[in-house]
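Only one structure is covered here, and it is reproduced in the block below.
Where a number appears in this text, it was derived from the coordinates with a stated rule and is not lab data. Please read these numbers as outputs of a predicted model, since none were measured by experiment. Glycine gets a Cβ as well: all are built from the backbone with ideal geometry, and neighbour counts include every protein chain shown.
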Amino acid sequence: MSMHRNLLYKPFPPAGRHIRVLILQAGEIQDPIQCVLQMITLDDESGYEALSYTWGDQSITKSIEVNKIDIKVTLNLESALRYMIFRFADWVSYFKVCKARQRDLAYHSVFKNQVQRYGMEFF
């Protein structure tokens with residue numbers, strides 16, 4: 001995963017309030033999940049759906065395609081993403097999938113409320 005991590009997680013710019021979002025590609029509910037990981041700034045007030053990605057049994061996984069790279073996610077997350085593709089088939093939906101500057105918990109706590117506020121729903 002470390003090689004994939006380097007390909008997926010570009011460094012945040014030193015200034016600004018950035019998060020990474022997963023943009024789901026349209027498809028049928030039974031199709032393989034394909035998405036793009038993209039960095040956005042909270043200053044843009046872009047709309048997105050916020051979804052925790054850490055719940056469920058970590059040993060039960062499914063594959064999804066992110067930036068054309070197959071990665072393993074929990075079965076619960078894969079099911080939620082599949083449901084969201086079905087639910088929002090006609091428009092692009094954003095999902096919070098990474099904590100802003102994940103290693104800096106203090107930084108994360110400052111922006112958690114903003115991430116939830118700008119998200120249309122928080123799961």
Once you put a point 7 Å from the Cα of LEU8 and another 7 Å from the Cα of SER63, both along the Cβ direction, what distance in nm separates them? 1.4
Kirkwood Rh (inverse of mean 1/r, distinct Cα pairs), the stretch 6-54, angstrom: 12.7
